[in-house]
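Heads up: the structure comes next, in structure tokens.
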Amino acid sequence: MLNVPSQSFPAAGSQQRVAPTGQSRNKVALKPGHSLLDWIRLTKSGRDLTGLRGRLIEVTEEELKKHNTRNDCWTCIRGMVYNVSAYMDFHPGGEEELMRAAGIDSTDLFDQVHRWVNYESMLKECLVGRMAVKPSPALRGLSVPPPSRQEPLSSPLPAKDHRPRYDWFQTDGTVNIIVYTKRKIPSAGCAVVDLQGDTLRVEMLLGKMSYLLYWLFPCCPVLIVQTAHSVGKVQVCLHKSVKDKWTKVGQPLEHHDTFIQCKDRELSYRECVLVSKSDVTHDTQVLCLQLPPGSNMQVPVGRHVYLKTSLQGTDVVKPYTPVDQSLIPPSQSSAEMGSDLNLMIKIYPDGLLTSHLASLPIGSSLSVGGPEGSFSMRILHDVTHLYMLAAGTGFTPMARLIRLALQDLTSIRKAKLMLFNRQERDILWCSQLDELCTKEERFEVEYVLSEPTDSWKGRRGRIDACMLQNFLERPEKARCLVCVCGPTRFTELAVQLVRQLDFSEEEILIFQG
């Protein structure tokens, strides 16, 4: 029997919801009876999905290559081999995409598109075994353990050291850790602090880079996280359990004081409590999750988090982009303080996770991972005209982007949102958007409905070249950015139309839905 390791989820570098133009994730319409719930039922049915009658084997490269057909499809992800033949008709990306992984080590391919997918739980009944490790000549005859994935060491630094650093000081009752990021920090913050048991984890999300401090630490609750945005300083203040003098701040753990790309950093989870639900539309709610007492999370704009829960014995995970409590919250909202998290979620009647979330009572626990993503504020540098094209819940990443543009980006002369929905009742935060238009002359919003009532006086139809030509102005000497988010077909068409209006690749940003 093989000793199958328990791997972390999701894999390091999980996919950011912001992706380069043209790299959208394709989805296909699944046949009836092939939903996620149907797949979970199949895995629980006792059917042999590996073809090996419960045996686990070591798989050589030569053996893996043999299993490369539609009805006999093996693939390797992070050293573990799965028979995914039975999953073909259940794969949201379609058979063609899954066959790209047939008979090969598909770890890199998987990481490009599916990093956040909980494959270990989804495919555990498809596990064939472990890839055989080729021993080096010097080690022949020895038992060689499979290589474990390590986080990379610090990325190469430029000539001038822009690496963050930290310092600490203490009083009789407190310990204060100061991180000097050496760059300006957005008002939303960038610090994620978790004091769980006897470990303290402080992570700074700085564009595409992650700076981590990680100690074995005497138990004491987080008091407050303060951020000096303009000078890039973050201070974490903690109470001592016992009033005495410390000779050191804590015992460093693995990966302490490392500065690497976010995509290479392992994801951290914490248990949150559902404290409230509020209706936004007839099928959309904002869920407010309270972080545990030892956690403080400042989610940068453009980042997402993961909700994870166990349903019928299988971990189900989905990414969501946080929103603020309102479109323009007070200067010190709870979202800024990092004590809670607001997620705008559309409830689908046949959606396994969203139906579960809709039925959750207040006080329930949910596991939250992240934040994650590589969105950088640099793309907004010197932008004068920000255009946003969103369909349905594709509005969620735009909500914080609007606030950022109007409150923090002095270069923005105009921010315009075109929001597409089926019916008027589907428009998210409609009254707040209208109110913002009256208060902020730099902001405009246009609603487009595909199934309007006779009384609707706004735009009708679907996205087309004519409406975009009028919407996407390009004044002289303007620096424009067009942000797009929505279902795959909407996103692909929108990007195609924007390109036809002579916007360059650098002027188009896709938020993946």
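The values are calculated or read from the model by the stated rules, or taken from the named source; none is laboratory data. Bear in mind the structure is a predicted one, so any value in this text is a computation, not a measurement. Cβ sites come from the backbone with ideal geometry, for glycine too, and all protein chains shown count toward neighbours. In case anyone asks, the SASA skips ligands and DNA or RNA and just uses the protein heavy atoms, side chains included. Shrake-Rupley method; radii C 1.70, N 1.55, O 1.52, S 1.80 Å.
Of the residues making up the range 183-209, those that are at negative phi and small (Gly, Ala, Ser) are 187, 188, 191. Of the residues making up the range 160-176, at least one is among the polar types (S, T, N, Q), over 23 Å from residue 267 (Cα atoms) and touching a Cys at 6+ places or on another chain (Cβ under 6 Å). Name the pairs: first residue in the range 366-392 and crowded, with 24+ Cβ neighbours inside 10 Å, second residue of a type in the set (S, T, N, Q), Cβ to Cβ under 6 Å, at least 6 apart or on different chains? Taking only residues 6 or more apart or on different chains, the pairs are 372/14; 373/16. On the stretch given as the range 220-251, residues that are touching a Leu at 6+ places or on another chain (Cβ under 8 Å), at pLDDT 85 or above and not in a loop (DSSP other than H, G, I, E, B) total 4. If residue 328 meets every condition in (1) in a strand (DSSP E or B); (2) open to solvent by 40 Å² or more (accessible area, probe 1.4 Å); (3) at pLDDT below 95; (4) aliphatic (A, V, I, L, M) apart from one, which number is that one? Among (1) in a strand (DSSP E or B); (2) open to solvent by 40 Å² or more (accessible area, probe 1.4 Å); (3) at pLDDT below 95; (4) aliphatic (A, V, I, L, M), residue 328 violates only (1). Close Cβ contacts (under 8 Å, 6 or more residues apart or on different chains) running from residues in the range 341-360 that are assigned to a loop (DSSP other than H, G, I, E, B) to residues that are of a type in the set (Gly, Ala, Ser) and open to solvent by 10 Å² or more (accessible area, probe 1.4 Å) comprise 347/355; 347/358; 348/355; 349/355; 350/35. Given the criteria open to solvent by 40 Å² or more (accessible area, probe 1.4 Å) and touching a residue at least 60 places away in the same chain (Cβ under 8 Å), does residue 184 qualify? For residue 184, the condition - open to solvent by 40 Å² or more (accessible area, probe 1.4 Å) and touching a residue at least 60 places away in the same chain (Cβ under 8 Å) - is not met.
The set of residues from the range 238-265 being hydroxyl-bearing (Ser, Thr, Tyr) and within 31 Å of the chain's Cα centre (by Cα) comprises just one member, 258. Just give me the residues in the range 401-436 being of a type in the set (Lys, Arg), under 16 Å from residue 280 (Cα atoms) and assigned to a helix (DSSP H, G or I), in sequence order. 425, the sole residue that qualifies. Scanning the range 278-299 for residues that are assigned to a loop (DSSP other than H, G, I, E, B) and at pLDDT 90 or above returns 282, 283, 291, 292, 298, 299. Whenever a residue of the range 302-314 is within 30 Å of residue 206 (Cα to Cα) and open to solvent by 20 Å² or more (accessible area, probe 1.4 Å), its partners that are acidic (Asp, Glu) and part of a strand (DSSP E or B), lying with C-beta atoms within less than 7 angstrom and at least six residues away or across chains, give the pairs 308/315.
Listed here are the residues, each with its yes/no results for (1) of a type outside the set (Lys, Arg); (2) open to solvent by 40 Å² or more (accessible area, probe 1.4 Å); (3) within 25 Å of residue 186 (Cα to Cα).
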site	(1), (2), (3)
207	yes, no, yes
217	yes, no, no
224	yes, yes, yes
240	no, no, no
244	yes, yes, no
248	no, yes, no
251	yes, yes, no
258	yes, no, yes
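In the set 443, 503, only one residue is free of Cβ contacts under 8 Å to residues at least 40 places away in the same chain, touching a strand residue (DSSP E or B) at 6+ places or on another chain (Cβ under 8 Å), surrounded by 14 or more Cβ atoms within 10 Å (Cβ to Cβ) and aromatic (Phe, Trp, Tyr); that residue is 503. Only residues that are within 18 Å of residue 179 (Cβ to Cβ), among the hydrophobic types (A, V, I, L, M, F, W, C) and without any contact (Cβ under 8 Å) to a residue 60 or more places away in the chain were counted in the range 231-250, giving 2. Does residue 317 satisfy the criteria of being touching a strand residue (DSSP E or B) at 6+ places or on another chain (Cβ under 7 Å), buried (at least 19 other Cβ atoms within 10 Å of the Cβ) and in a loop (DSSP other than H, G, I, E, B)? So residue 317 fails the test.
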